[in-house]
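Notes for the one structure printed next.
The values are calculated or read from the model by the stated rules, or taken from the named source; none is laboratory data. Just so it is clear, the model here is predicted, and its values are computed rather than measured. Methodologically, a virtual Cβ is constructed for each residue, glycine included, from the backbone with ideal geometry; neighbour enumeration extends over all protein chains shown. In case anyone asks, the SASA skips ligands and DNA or RNA and just uses the protein heavy atoms, side chains included. Shrake-Rupley method; radii C 1.70, N 1.55, O 1.52, S 1.80 Å.
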Amino acid sequence: GVYEIVIAPSNTSHFYMMLNGVVYSSRNRGTTWQPTAGWTAITTDANDKNRGMGNFMAVDPANEDILVVGTPANGAHFTLDGGATFNRIPSIPASRSPANGGYGNMLVAFDPTTTEAGSTHGIYVSSYGNGIYRTTTGPSGTWVSVPGAPTTHWRMICDQAGNLFLTDNISDGGGILHQYSAGSWRTPGHALIGNDAGAIAVHPSDSNRNLS
């Protein structure tokens with residue numbers, strides 16, 4: 001039933017987990033868990049056809065109490081207080097179902113180059129079938145659609161230099177690798193990778209080294 005689990009970069013003893021539609025928090029590396037008080041249970045299926053997508057949740061790299069959660073059919077939500085309260089992001093539409101069935105879900109990535117005054121202001125949320133949405137003022141700020149973004153997705157991350165990487169879902173489990181940087185999109189390495197990109201990872205200390 002575990003749909004997603006993430007670790008707070010600023011405090012690696014603090015974990016968040018979505019289990020059977022409930023968001024839990026652990027502040028002792030998973031020894032004990034508590035359901036977050038502000039979350040309303042939703043339907044999730046950890047074994048659905050889109051279980052290879054992600055990440056569905058992300059923690060602010062500078063603030064362990066700020067979490068953004070993408071859900072299968074109920075939109076994107078955030079907390080600023082470690083889960084005591086949650087709010088839905090109304091300007092991001094709920095994801096649409098992909099052609100292979102199930103829910104497309106929402107992927108979340110923080111831009112670590114936008115940290116200021118103890119929190120990270122730049123965040124991306126991908127809504128399947130709709131596109132990618134971005135804020136530069138934190139989760140409670142203004143969200144806008146990113147022009148030219150793919151409308152299907154599989155995996156999404158943002159590297160240390162603020163480059164967003166996305167693999168789309170044109171081949172039912174992966175597709176083209178896209179990069180969004182300085183306001184424009186490109187498809188790095190497409191001649192080599194083609195339409196077979198799935199997951200992507202960036203070296204933790206060198207954003208010029210990545211694998212897909």
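Computed quantities for the displayed model
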item: Residues (on the phi < 0 side of the Ramachandran plot and touching a residue at least 24 places away in the same chain (Cβ under 8 Å)) located in segment 82-91; result: Ala84, Thr85, Phe86, Asn87, Ile89, Ser91
item: Of all residues making up segment 55-85, the number that are hydrophobic (A, V, I, L, M, F, W, C), closer than 19 Å to Val2 by Cβ and modelled with pLDDT of 95 or more; result: 7
item: Of the criteria (1) farther than 18 Å from Gly70 by Cβ; (2) of a type outside the set (Phe, Trp, Tyr); (3) touching a Leu at 6+ places or on another chain (Cβ under 8 Å), which one Pro112 fails; result: (3)
item: Exclusive hit being crowded, with 23+ Cβ neighbours inside 10 Å, aromatic (Phe, Trp, Tyr) and either assigned to a strand (DSSP E or B) or at negative phi (or both), set Tyr133, Tyr124; result: Tyr124
item: Residue check, Pro9 outside any strand (DSSP E or B), touching a strand residue (DSSP E or B) at 6+ places or on another chain (Cβ under 9 Å), open to solvent by less than 20 Å² (accessible area, probe 1.4 Å) and not small (Gly, Ala, Ser); result: no
item: Condition check for Ala46: in contact (Cβ under 8 Å) with a residue 24 or more places away in the chain and either within 28 Å of Asp168 (Cβ to Cβ) or touching a Leu at 6+ places or on another chain (Cβ under 8 Å) (or both); result: yes
item: Where a residue in segment 92-118 is at pLDDT below 95 and its partner, wherever it lies, is aliphatic (A, V, I, L, M) and surrounded by fewer than 18 Cβ atoms within 10 Å (Cβ to Cβ), with Cβ under 6 Å and at least six apart; result: Ala94/Ala73; Tyr103/Ala73
item: Lone qualifier among Gly82, Gly30, Gly104 - being surrounded by 23 or more Cβ atoms within 10 Å (Cβ to Cβ) and assigned to a loop (DSSP other than H, G, I, E, B); result: Gly104
item: Some residue of segment 79-89 being of a type outside the set (Asp, Glu) and under 27 Å from Thr187 (Cα atoms); result: no
item: Which listed residue is under 22 Å from Ile132 (Cβ atoms) and part of a strand (DSSP E or B), from Ala73, Ala58; result: Ala58
item: Scope segment 136-147; condition farther than 19 Å from Ala8 by Cα and open to solvent by less than 70 Å² (accessible area, probe 1.4 Å); matching residues; result: Gly141, Trp143, Ser145, Val146
item: Residue satisfying all of: in segment 152-198; within 24 Å of Thr114 (Cβ to Cβ) and in contact (Cβ under 8 Å) with a residue 60 or more places away in the chain; most open to solvent (accessible area, probe 1.4 Å) among these; result: Arg155
